[in-house]
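Just below is one structure, and these are the notes that go with it.
No value in this document is a laboratory result; all are computed from the given coordinates. The model shown is predicted, which means the values in this text are computed figures rather than measured ones. Neighbour counts run over all protein chains shown; Cβ positions are idealised from the backbone, glycine included.
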Amino acid sequence: MIIATAGHVDHGKTTLIHALTGADTDRLAEEKRRGLTIELGFAWLAQEACAALGFIDVPGHERFIGTMLAGVAGVDMALLVVAADDGIMPQTREHLAILQLLGVAELGVVLTRCDRADAAQQQRLAEQVSAWVAEAGWPAAPLWSVVASQEGDPGVAALRAALLQRAATWQPQAADGPARFMVDRRFNVAGAGCVVTGTLVSGRLAAEQRLWRDDQPVRIRSVQLASQPVAEVRAGQRCALNLASTGADWPGRGDWLNEQRLPASDRLDISLQSLPDSHWHRGVLQLHLGTGVYSARLVQLDASAGLAQVMLEQPLQAVWNERCILRDPAANRTLGGGRVLDPQGLRRGRSRPERVALLRDWQQAETPGEVLAAALRHGPVSMPELALKLNLTQSALQAMLPPQVHLLSASGATIALTEEQRAALWQRLHARLDSWHRQYPELLGPGEGQLGLVSCLQLPLPIIRLLLQHWQSAGLLQRTAWTLHLPAHRPQLQAADRQLLLQVQTALLPGGLRPPIVGELAEQLAMDLDELKVFLLRMQRAGELIAVAPNRYYLPAQVDGLVAVAQQLVADSPTGSFNAAAYRDASGIGRNLTIQVLEYLDRAGVTRFVREQRFLAAG
């Protein structure tokens, strides 16, 4: 269980931790000289009856608010320290607001220096603070009073006993999901090298495990918990990692170490909560996320719903539901905070109604399953992309899918969609094809590039091709060579074209798998060569002929014969493949035409060429 202190400068936070643990968290000479906490301090309270309690001591001075934010990120509980003789001070208020924005679940109040205030003053302050923290969201926050924060102080003993009792019943968070470790300190140890400390916010960590810092791999040599070597740490625990494969200055405070290679983004869509009297502007702000500090600007997407986009000067890795704080560095003031809804915010279309509606639903979601369900209500979902946003494995996310949802996978892309969404996609494609047929009635249909499938269906091309196969199997769509068309559509050829096409078909058919070249065809038909080329190209676009080679056209039935030769060779081969010589011998069309035919079959997606051998392409 990790506990952080919070409160105004010189209210006794460091002294309190020393009385509780016996450890002095002020390590720096400057801290001891000035009697002021500057850097984060750490201490452990070990107990046999329960897991060790970890304490994080944070600075109280307003100049070190960034360090304070790094200390309270990811803690389980906070102790708000208020000096009885001073009462509630400016940093007391700001620290409590930060704890509220970060969603710290548990809060306790400690009144220190009670020897400097009479009983009536202590009573008034206790009532004032209790009412204040209740209004902020902790109505049952316990309150302890200590006199001098020294060993033997009954108040300190009562506080220690209460914290140990809470630790005995504390349930650690679930360790499911990939590991994500938040670094708050880095130092070097002689003979060991780089050591980082921080909090594991999800997953598990063990020695020899490999993690990623952005795109750079690091390896864990050993793990320590409460200054003792352990085999494994779980989510919610604070630990130290001895790392290999690090840089001279990384990882350090502000870095994340992830089990998955999470994508970095310079735009975060967040659910924004503003503090009273906050003034949001388009100037440079400071975003505090985890233990890092980033320069950013903020744009309101929907002020009434509390939706905004944070635009960062440098990309960072974040995941859904992580908490952040936004401050105005010029005024040295906390303006508000938020929860990350989409760590890969859109650059274009960020304020469109459908986008804002999705963010509104994600704003209400409390679990990854609810995020997935909300995304499915708005359209097909890219499972790998959403899994990374949620810091889940793809298999874990797929396990959350309702049974009626279809899952399509091809070439590394995986899309989840409902039957209604698949039907809507078909209606969109049908409308596009119908419009194309009406615009070009003399042509059989467009190719994939002419139709603009990706822009039409807004899905990865491998997934679109799976859908095309499904619609072809269902009889909704027909493909002839390169063209896609509705089954009922037939090119409306002019009478002269129909008559000439019949003559060309009659001349090509006897050639079998080796029809005459264009020049020979022109001689047979007694036509001008250039005029015939224009006609043949027009018939290719109409789907009546197929240009297998630049100077040789085939009837669709003849192309089926070329494909049948390849299929038979694969069926007869023990390796499931064939080479050009085998195709030449089986087809009898000669070496040069064989090369042209095989290159056409590769382009058409019938075969694929691998190391001088050809295989039938999947599907």
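Structure summary
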read-out	value
Label-reachable residues, the range 428-462, where backbone N falls under 18 Å from a point 7 Å from residue 354's Cα toward its Cβ	428-433, 452-461
Acute angle (nearest 10 degrees) that the helix 591-603 long axis makes with the longest principal axis of the chain, alpha-carbon atoms	40 degrees
Student exercise, the range 2-169 dipole from Lys, Arg, Asp, Glu Cβ charges, in Debye to nearest 20	80 debye
Inter-probe distance in nm under a simple model that places probes 7 Å from Cα toward Cβ, at residue 549 and residue 563	2.1 nm
Listed values [x] 59, 51, 22; [y] 50, 26, 21; [z] 70, 26, 19, entry calculated as semi-axes √(5λ) of the Cα gyration tensor in Å	[z]
Residue order, fewest to most surrounding Cβ atoms within 10 angstrom, among 553, 583	583, 553
Relative contact order %, the range 59-167, counting alpha carbon pairs below 8 Å whose residues are six or more apart	24 percent
Alpha-carbon Debye profile of the range 180-258, log10 I(q)/I(0) at 0.13, 0.27 Å⁻¹	-0.31, -1.58
Cα-based helix-to-principal-axis angle, 90-101 vs the chain, degrees rounded to 10	40 degrees
Calculated FRET value between residue 123 and residue 385, using beta carbons and R₀ = 56 Å, to 0.05	0.50
Dipole of the range 495-554 [Lys/Arg +1, Asp/Glu -1 at C-beta], most positive-end residue of 540, 527, 516	540
For peptides 67-74, 379-386, sequence by mean Cβ density within 10 Å, most packed first	67-74, 379-386
Order of 56, 464 - criterion: other Cβ atoms within 10 Å of each residue's Cβ, fewest first	464, 56
Exposure proxy ranking, count of Cβ atoms within 10 Å, fewest first, for 533, 389, 13	533, 389, 13
Neighbourhood charge, 15 Å Cβ-Cβ cut-off, centred on residue 115 and excluding it, Lys, Arg +1 and Asp, Glu -1	-2
Extension gain from residue 85 to residue 169, taking 0.36 nm per residue of separation minus the Cα-Cα distance	26.8 nm
Charge tally in the Cβ shell below 9 Å around residue 356, where Lys, Arg are +1 and Asp, Glu are -1, residue 356 excluded	+2
Theoretical ellipticity at 222 nm over the chain - DSSP helices of four or more residues, -39500 (n - 2.57) apiece, nearest 500	-11000 deg cm²/dmol
5 Å binning of all Cα-Cα separations within the range 495-554, expressed as whole percents from 0 upward	4, 19, 35, 30, 10, 1
Extended-chain gain in nm, criterion 0.36 nm per residue less alpha-carbon gap, residue 609 and residue 438	57.8 nm
Inter-label distance, nm, simple model (7 Å from Cα along the C-beta direction), residue 297/residue 24	4.8 nm
Length-normalised contact order for the range 104-257 - Cα pairs under 8 Å, 6+ apart - percent	19 percent
Sparsely packed GluC sites (Glu not before Pro) within the range 330-371, loop by DSSP, other Cβ within 10 Å at most 16	366
Theoretical FRET efficiency, 1/(1+(r/R0)^6), r = Cβ-Cβ of residue 455 and residue 572, R0 30 Å, to 0.05	0.10
Förster radius 56 Å - calculated FRET efficiency between residue 370 and residue 503, Cβ distance, rounded to 0.05	0.25
Distance (nanometres) between label positions extended 7 Å along Cα→Cβ at residue 305 and residue 479	3.8 nm
For residue 4, net neighbour charge (Lys/Arg +1, Asp/Glu -1) across residues whose Cβ lies under 12 Å away	-2
The chain, relative contact order in percent, only Cα pairs under 8 angstrom and at least six apart counted	7 percent
Amide H contacts under 5 Å for residue 221, placed H, 5+ residues apart	208, 242, 243, 244
Among beta bridges that DSSP assigns inside the chain, antiparallel share in %, nearest 5	85 percent
